[in-house]
1. Here are some residues: Glu178, Glu210. Which one is farther than 24 Å from Leu83 by Cβ, modelled with pLDDT of 70 or more and either basic (Lys, Arg) or surrounded by fewer than 21 Cβ atoms within 10 Å (Cβ to Cβ) (or both)?
2. Looking at (1) of a type in the set (Asp, Glu); (2) modelled with pLDDT of 50 or more; (3) surrounded by 14 or more Cβ atoms within 10 Å (Cβ to Cβ), which is the only condition Asp219 fails?
3. Within segment 304-349, can you find the residues that are in contact (Cβ under 8 Å) with a residue 40 or more places away in the chain and of a type in the set (D, E, K, R)?
4. Tell me, which strands (runs of 3 or more DSSP E) lie completely within segment 342-394 with 1 or more residues that are at pLDDT below 90, out of contact with any Cys (no Cβ under 6 Å at 6 or more places or on another chain) and surrounded by 17 or more Cβ atoms within 10 Å (Cβ to Cβ)?
5. Could you tell me whether segment 81-94 includes any residue that is part of a strand (DSSP E or B), at pLDDT below 85 and buried (at least 18 other Cβ atoms within 10 Å of the Cβ)?
6. Would you call Asp334 at pLDDT below 80 and over 26 Å from the mean Cα position of the chain (by Cα)?
7. Looking at Ser246 and the list (1) closer than 23 Å to Tyr205 by Cβ; (2) at pLDDT 50 or above, which single condition is not satisfied?
8. Sort out which residues of segment 46-69 are at pLDDT below 75 and either open to solvent by 70 Å² or more (accessible area, probe 1.4 Å) or outside any strand (DSSP E or B) (or both), and write them in order of number.
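The values are calculated or read from the model by the stated rules, or taken from the named source; none is laboratory data. Here the structure is a predicted model, which means the values were calculated and not measured. Using ideal geometry, Cβ is built from the backbone for each residue, glycine included, and neighbour counts are taken over all protein chains shown. The accessibility values were calculated without ligands, DNA or RNA, using every heavy atom of the protein model including side chains. Shrake-Rupley method; radii C 1.70, N 1.55, O 1.52, S 1.80 Å.
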Amino acid sequence: MRKTILGLLIMMLVISCQSKNDEKKSIVTTKPVNEIKIKKNNDSLIYKINENTVVIGEDTLKLESPFIYSFEGSIKDGKKIQLHLSNQLSSEYGGYVKSASLYIEGSNDILYCYFEKEKKQDYYTATIYDYDHDNKVISKLKLYNPSTEGMYIEYILDKKSYKTYPSKTFPAYKCYDEIDYTLFDSREAFKKDEAMREFTPSRDYIFFAEIISNDVNFDILETKLKYLYTDSLSINNYKKWKHNFSVEKSKKEEENYSSETLSVVSPVFIDANIYVVYDFSYSYMGGAHGMMHTEYDNYDLTTGKTIDIEKLINLSDDKFISFYEDKVRSEYADGLLSNEVPITHNFYILPTGITFSYAPYELVGFAGGEPKIFFSYEELKPFILKNTILDQYNSN
């Protein structure tokens, strides 16, 4: 009898271990699809293109597979954490960047960071800072084995580490890059010593992704948002996209400038109700600096449609207008460009409240970046319209 019971216990232990191994094996990442397309212009000075590299004059761009991965896990006190990692061309010419957005349950903010790798390391590292408090380090992250089945992120907080793995709930993404290079054809100007001996490329860059999910909760999104790009009319004809600026031959040194446009769209928050993505755009047309802006789109998970702020809050309520303006002035009083405070329609939803986001120069000067104003649901409660998606968050 004892031998029988002992045999059953051993068998149960083996089954339990096998179950845990199967669960671990079920964390399978979607391998990124490398479909980077380089458009070659007859007047350009691009002289070599292969699968992974483009040589442009004396500069070399090493192409990397674009990707988006969503991670989830938990940290101290059982708080859930989600992280969205993407790899796309950076605004600095010639290189790729691995960036991530991070949300911790109960937080009022979405945090951002960039991963870098030292030559001697076999992993990538990132640091999240508190820029409102002397750049104090909030947490650190380590990315292991990117784009493999063994990929995970170690989140380090208060000297304790927590592992997060690719999500089995959130969508996976099939990603693409669209890169269009054109260079000023300065060869004739070089011969006459009328131009600098530097190739100044222009670049059009689009990063977008197709949503893929085995979770039925994301069926609507997968159907409605074929590509993770907000301009649904253009995405159908993305192969026909052209430069939105003209390229002229360089005649004089002061005319020899570079120009570029970038568009990157990536998820920043997902839950059972909403799906929030940001659309970062950057444009440089010469001058002291380029212009950047981040637009946010909030999708209703049940319909796949974007959510308008007018359908959530009574913007015409005089009390709300006064309350909104007072809060903006209290946070940016010294830097406001005008006495009038416009209510922006650019916002994103979190379980804790709504953040309104402004473009550079819309509220404060360029040095002020993109100002963000957070309103908790407790503050917004008198102005929230009935029967909205916010009822899920504002029930307490």
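1. Details: Glu210 fails: farther than 24 Å from Leu83 by Cβ.
Just a single option satisfies the conditions, and that option is Glu178.
2. Among (1) of a type in the set (Asp, Glu); (2) modelled with pLDDT of 50 or more; (3) surrounded by 14 or more Cβ atoms within 10 Å (Cβ to Cβ), Asp219 violates only (3).
3. Lys305, Lys311, Asp317, Lys319, Lys327, Glu331
4. On the way: elements: 347-350, 353-357, 372-376.
Result: 353-357, 372-376.
5. Of segment 81-94, the ones part of a strand (DSSP E or B) are 81-89.
Filter once more, so that each one left must be at pLDDT below 85: 89.
Subset that is buried (at least 18 other Cβ atoms within 10 Å of the Cβ): 89.
Yes: one or more hits.
6. On the way: at pLDDT below 80: yes; over 26 Å from the mean Cα position of the chain (by Cα): yes.
When the stated conditions are applied, Asp334 passes them.
7. Every listed condition holds for Ser246 apart from (2).
8. Tyr47, Lys48, Ile49, Asn50, Glu51, Asn52, Gly57, Glu58
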